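Here is the structure we will look at, set down as structure tokens.
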Amino acid sequence: MHLRRLLPLLLAFAAAASASAAERPNFIVINIDDLGYREIGPWGSTNRTPHLDRMAAEGRKLLSHYAAPVCSPSRASLLTGSYPKRALPIPHVLFPGASIGLHPDEVTVAEVLKGSGYATGCIGKWHLGDQKPFLPLQQGFETYYGIPYSNDMGPAAEGVKSNFGTPLPNSKGPAKKASPAAEDDGTGIRANQPPLPIMEGNTVVGRVRAADQTEYTRIYTERAVSFIRERRDRPFFLYLAHNAVHFPLYPHADFRGKSPNGLLGDWIQEVDWSVGQILETLRTLGLDRRTLVLFVSDNGGPVNQGATNTPLRGSKGSTLEGGIRVPGLAWWPGTIPAGTSTPAITAMCDILPTLASLAGAPLPAGRRLDGIDQSPILKGDPTTHPRDTFLYHRGFLLEAVRSGAWKLHLAKGELYNLETDIGEARNVAAEHPDIVRRLTAIAAATDADLGRDGVGPGCRPLGRHANPAPLIAADGTVRADAIGPQPKFP
């Protein structure tokens, strides 16, 4: 065909492709660290959260949204569309310099969307392994900036074991060499805590001290706003994972003393400000009606550190509702019905298949997912309830099963009706032996897949690094064998 005749066809094809891209929704997942069930206004908190209040008024509250009891498993589930134990079978969380992490062969939601033309960015806490093969750029994200694990994983003398304003302990001489047992307990999880790094891509660009911690919620927010502005003309996926409000508590000076609930309330109010910046940017750019924003927490709040999970019983680290059920908000003006809520069971593992469905992206081939497309629930379809069952794992152990309204704690055989007893206060097992048998059978069926304890046949392998090393050594040197030759941060 002559070029003069071919050119209009090519231009038409390009225009159609551009229009198709413009029609695909953008996605932003905002993941808060250790936020309790009742610590924001939409759930009745006395913390002042006007932006989250507006987000709820314009969107949909997810009243039965499940994460995991602790950080790393929850994040693995969010990114892979699988139960935590399937994608990252570990007993607790990952520590700096661990030899294990999320396997590079795992297919993340970032990879799924990137393969369909989405720009992908990760800002904030990663916590799925800090060796290079496990980091965000190797897991589908085009950009990364953040602290690769919790903000408390470093030396006490640098402020990571105490809240803002607490006198720091003096460092007494050179760091002691850790014993082999402290270096690696056999699972690749290290007990020693080297200096806390901040990363840009695969590069360590700084060492986080106490004064720095007050700045990162603001820095993450500014970078998120820049990411949105720079990619406004193509579909994008942004994963914004704040280190806030994990202990130690470090709200910015602009927010300290402003809440009725101390430093924790101050930092929650700063998180609310951050959400407001994101949503206002979308409105200003005219992207609000084609952007789905999800707001979640990675686990329940730690009650021993002042968190509030009322009316739920339990705390971070447990499979009581207070340890694993988290506040969830979905916002997409014009698509998600405003001012609504749903009691439907949703979970972190549902995020990948839901976003893939909305983007028209294929799911990973040859890989079992536990997540379910929840887009009908988000859009308010009253006839659809995709998820009936949820498995509560704590590390390797299956501790409870939910089916519909019923939750069975397996160790003690306690049965609760979560529709009438959200606080798990009245054990009704004796009154419903048929339901106990049914939920016990669901638990037994997991032996052939994830296993009720230990690593079952359906659990996928961990990523392993032969020569792991902390990103920053005790003397401030960035380890070349960990990530690449870089400067020293004294």
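Quick look at the numbers
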{"item": "Condition met for H246 (in contact with a Cys (Cβ under 9 Å, 6 or more places away or on another chain), on the phi < 0 side of the Ramachandran plot and assigned by TED's automatic domain parsing to the domain that holds H51)", "result": "yes"}
{"item": "Residue within region 400-413 that is closer than 24 Å to N31 by Cβ and touching a strand residue (DSSP E or B) at 6+ places or on another chain (Cβ under 8 Å) present", "result": "yes"}
{"item": "Condition check for A365: more than 24 Å from the chain's Cα centre (by Cα) and without any contact (Cβ under 8 Å) to a residue 60 or more places away in the chain", "result": "no"}
{"item": "From R402, R426, residue being out of contact with any Lys or Arg (no Cβ under 9 Å at 6 or more places or on another chain), at negative phi and buried (at least 16 other Cβ atoms within 10 Å of the Cβ)", "result": "R402"}
{"item": "All positions within region 287-306 that are assigned to a loop (DSSP other than H, G, I, E, B) and under 20 Å from A425 (Cα atoms)", "result": "G300, G301, P302"}
{"item": "Matching residues in region 333-346 - criterion: being in contact with a Gly (Cβ under 7 Å, 6 or more places away or on another chain) and either of a type in the set (A, V, I, L, M) or surrounded by 24 or more Cβ atoms within 10 Å (Cβ to Cβ) (or both)", "result": "I336, A338, T346"}
{"item": "Filter pass, L408 being in contact (Cβ under 8 Å) with a residue 60 or more places away in the chain, crowded, with 18+ Cβ neighbours inside 10 Å and closer than 20 Å to A67 by Cβ", "result": "no"}
{"item": "Residue within region 296-314 that is closer than 14 Å to V29 by Cα and touching a Gly at 6+ places or on another chain (Cβ under 7 Å) present", "result": "yes"}
{"item": "Any hit, region 335-352, residues being in a loop (DSSP other than H, G, I, E, B), in contact with a strand residue (DSSP E or B) (Cβ under 9 Å, 6 or more places away or on another chain) and within 21 Å of F237 (Cα to Cα)", "result": "yes"}
{"item": "Residue list for region 218-267, filter: β-branched (V, I, T) and in contact with a Phe, Trp or Tyr (Cβ under 9 Å, 6 or more places away or on another chain)", "result": "I219, T221, I228, V245"}
{"item": "Test: residue in region 290-298 that is more than 22 Å from the chain's Cα centre (by Cα) and surrounded by fewer than 24 Cβ atoms within 10 Å (Cβ to Cβ)", "result": "yes"}
{"item": "Pairs, first of a type in the set (S, T, Y) in region 245-266, second part of a loop (DSSP other than H, G, I, E, B) and modelled with pLDDT of 95 or more, C-beta under 7 Å, six or more apart", "result": "Y250/F164; Y250/T214; S259/N47; S259/R48"}
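The values are calculated or read from the model by the stated rules, or taken from the named source; none is laboratory data. Everything numeric in this text was worked out from a predicted model, so none of it was measured. So basically every Cβ, Gly included, is an ideal-geometry build from the backbone, and we count neighbours across all protein chains shown.
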